[in-house]
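> Input: one structure, supplied below.
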Amino acid sequence: MKNAKLSEAKNAKNDEFYTQYEDIQREVNAYLEYDPDVFRGKTVLLPCDDPEWSNFTRFFAQNFENFGLKKLISTSFAHESKNYKGAYQLSFFEENAPQFDADKTKTRGKIFTLTRDSNKSGVIDIDDLEWQYLEGDGDFRSDEVKALRDEADIIITNPPFSLFREFVAWIVEADKKFLIIGNQNAITYKEIFPLIMNNIVWLGIGFKGGATHFINKYYTDYATASDHKEGMIRVSGVVWFTNIDHGRRHQPISLMTMADNLKFSKHKEIKEYGYQKYDNYEAIEIPYTDAIPSDYDGVMGVPISFLPKYCPEQFEILGMCENLDLYGLKTRVYTTQECQERYFEIFGKKGTYDLNASGVVNGIKVYQRILIRKREQK
Ligand SMILES: C[S@@+](CC[C@H](N)C(=O)[O-])C[C@H]1O[C@@H](n2cnc3c(N)ncnc32)[C@H](O)[C@@H]1O
């Protein structure tokens, strides 16, 4: 019970951290490099945002003319509806605004729109944002935010961590272009992985070293002293999920042949044991992305960290090693008795060793693996 409470609180707080301007800029630049007109004439929706804290609205408002946007819409979520509320602060948008309403400020979401030079300054920028209260609390699942989704061409945000699956389904059902931040664990979700496998969704350029600092008001930062930044939380394992094309994904990974890996790999176990076959898949185990042999034609099990480097012209994804044989690639399914016997052999006591959860090499289960095969090179 205590644990359930803790993780609930942790999840709720995880919903309340905000993305840095430079992280948004770095990622968005990659799409612009690939297609300078990617946003031209488009309506961009930034849901689950909060211009008071977030930089998404600021970034797109400041670049409105530069990107040739048609319309920018962002919505925020009502204070009273947030899982983790913290102390209430009146937003600077509401201070002195004629439409401020003391009855609505905590319970309604807000909509911010940018289409024109409303203050006649000669440029369209953040100072031209116009806002009003929504009818509801700004929940992305509400009919009014759904209508905004339907109006938009592109949806961009860092959605609430605790509702990530629902958020992706919400975008996919509307068939929209999107760019969103999520935890890399989401790659293996049964709702997400098939989209990645079928090249409907892919990973963006990503954060340097797979981690970044988010602006944070509530969370305890466990980062080591050298990584700690005041007012921030360091989060590792974060990635961008998108269906907008960028150049990196068309650059093949540079790899050595199998023979060269066996001789020159920097990984001791490759040189010592070579490439081992799984007991339960017709595939070989590749523990490191840089150890993928360039000339192997069969199926290979690679770590999840392969995905940020995945080039669909170089490899095809066939499935993932997991309990259910969703991709029809298992050659052996272990019985409960076999899993129990194996546990006893390894640990000398009663238990269950879940051999079905991933690839198995000589009776030892490896980490989660994605199954890939080289594409025919033209
Ligand atoms: C991780 S924060 C990111 C905020 C902002 N997009 C950014 O990246 O800076 C997620 C935001 O979604 C809001 N939120 C939580 N549940 C929501 C829901 N059901 N509908 C809309 N927004 C929600 C949270 O209150 C929070 O402001």
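The values are calculated or read from the model by the stated rules, or taken from the named source; none is laboratory data. Note that the coordinates shown come from a computational prediction; the quantities given were computed from them, not determined experimentally. Every residue, glycine as well, gets a Cβ built from its backbone with ideal geometry; the counts of neighbours run over all protein chains shown.
> Looking for whichever is away from the ligand (no atom under 15 Å from the Cβ), of a type in the set (D, E, K, R) and under 26 Å from Q99 (Cα atoms) here; the options are E151, E135, E144. Which one fits?
E151
> Under the condition of being surrounded by fewer than 13 Cβ atoms within 10 Å (Cβ to Cβ) and away from the ligand (no atom under 12 Å from the Cβ), which residue from segment 77-96 is modelled with the lowest pLDDT? Can you show your working first?
Of all residues in segment 77-96, those surrounded by fewer than 13 Cβ atoms within 10 Å (Cβ to Cβ) come to 80, 86-89, 92, 95-96.
With away from the ligand (no atom under 12 Å from the Cβ) added as a condition, the list becomes 87-89, 92, 95-96.
Details: A87: 73, Y88: 76, Q89: 77, F92: 77, E95: 80, N96: 81.
Among them, the one singled out is A87.
> So for segment 161-184 (the condition being away from the ligand (no atom under 12 Å from the Cβ), farther than 16 Å from F60 by Cβ and in contact with a Gly (Cβ under 7 Å, 6 or more places away or on another chain)), does at least one residue qualify?
Yes, because at least one residue in segment 161-184 is away from the ligand (no atom under 12 Å from the Cβ), farther than 16 Å from F60 by Cβ and in contact with a Gly (Cβ under 7 Å, 6 or more places away or on another chain).
> Still on this model: If we scan segment 308-325, do we find a residue that is touching a Lys or Arg at 6+ places or on another chain (Cβ under 9 Å) and in a helix (DSSP H, G or I)?
Yes, there is a match, as at least one residue in segment 308-325 is touching a Lys or Arg at 6+ places or on another chain (Cβ under 9 Å) and in a helix (DSSP H, G or I).
> Let me ask another. Are there strands (runs of 3 or more DSSP E) fully within segment 205-303 with at least 2 residues that are under 25 Å from W53 (Cα atoms) and among the aromatic types (F, W, Y)? List them.
238-242
> With the structure loaded, tell me whether H228 is closer than 30 Å to Q25 by Cα, surrounded by fewer than 16 Cβ atoms within 10 Å (Cβ to Cβ) and either small (G, A, S) or in the same structural domain as G204 (by TED's automatic domain parsing) (or both) or whether it fails that test.
It is true that H228 is closer than 30 Å to Q25 by Cα, surrounded by fewer than 16 Cβ atoms within 10 Å (Cβ to Cβ) and either small (G, A, S) or in the same structural domain as G204 (by TED's automatic domain parsing) (or both).
> While we're looking at this one, here's another question. Answer with yes or no whether S265 is over 22 Å from the mean Cα position of the chain (by Cα) and without any contact (Cβ under 8 Å) to a residue 60 or more places away in the chain.
On the way: over 22 Å from the mean Cα position of the chain (by Cα): yes; without any contact (Cβ under 8 Å) to a residue 60 or more places away in the chain: yes.
Taking the combined requirement at face value, the residue satisfies it.
> Moving to a separate point now. What are the residues in segment 355-376 that are in contact with a strand residue (DSSP E or B) (Cβ under 7 Å, 6 or more places away or on another chain), part of a loop (DSSP other than H, G, I, E, B) and over 21 Å from Y273 (Cβ atoms), if any?
The one that is in contact with a strand residue (DSSP E or B) (Cβ under 7 Å, 6 or more places away or on another chain), part of a loop (DSSP other than H, G, I, E, B) and over 21 Å from Y273 (Cβ atoms): R375.
> Within segment 97-123, which residues are within 16 Å of the ligand (Cβ to nearest atom) and closer than 24 Å to E65 by Cβ?
So in segment 97-123, the residues within 16 Å of the ligand (Cβ to nearest atom) come out as 105-112.
Across segment 97-123, the qualifying residues are K110, I111, F112.
> Now, a different point. Out of all the residues in segment 358-372, which are buried (at least 18 other Cβ atoms within 10 Å of the Cβ) and free of Cβ contacts under 8 Å to residues at least 24 places away in the same chain?
Of everything in segment 358-372, just one residue is buried (at least 18 other Cβ atoms within 10 Å of the Cβ) and free of Cβ contacts under 8 Å to residues at least 24 places away in the same chain, namely K365.
> Right, next: So which residues in segment 214-237 are touching a helix residue (DSSP H, G or I) at 6+ places or on another chain (Cβ under 7 Å) and modelled with pLDDT of 70 or more? Step through it out loud before you land on a result.
Going residue by residue through segment 214-237, those that are touching a helix residue (DSSP H, G or I) at 6+ places or on another chain (Cβ under 7 Å) are 218-219, 234, 236-237.
If the condition is that a residue be touching a helix residue (DSSP H, G or I) at 6+ places or on another chain (Cβ under 7 Å) and modelled with pLDDT of 70 or more, then R234, S236, G237 are the ones that fit.
> Do you know which residues across segment 49-76 are within 16 Å of the ligand (Cβ to nearest atom) and of a type in the set (K, R)?
Result: R58, single match.
> Counting just the residues of segment 16-48 that are touching a residue at least 60 places away in the same chain (Cβ under 8 Å) and of a type in the set (S, T, N, Q), which one comes out nearest to the ligand (Cβ to nearest atom)?
Looking at residues that are touching a residue at least 60 places away in the same chain (Cβ under 8 Å) and of a type in the set (S, T, N, Q), I get T19.
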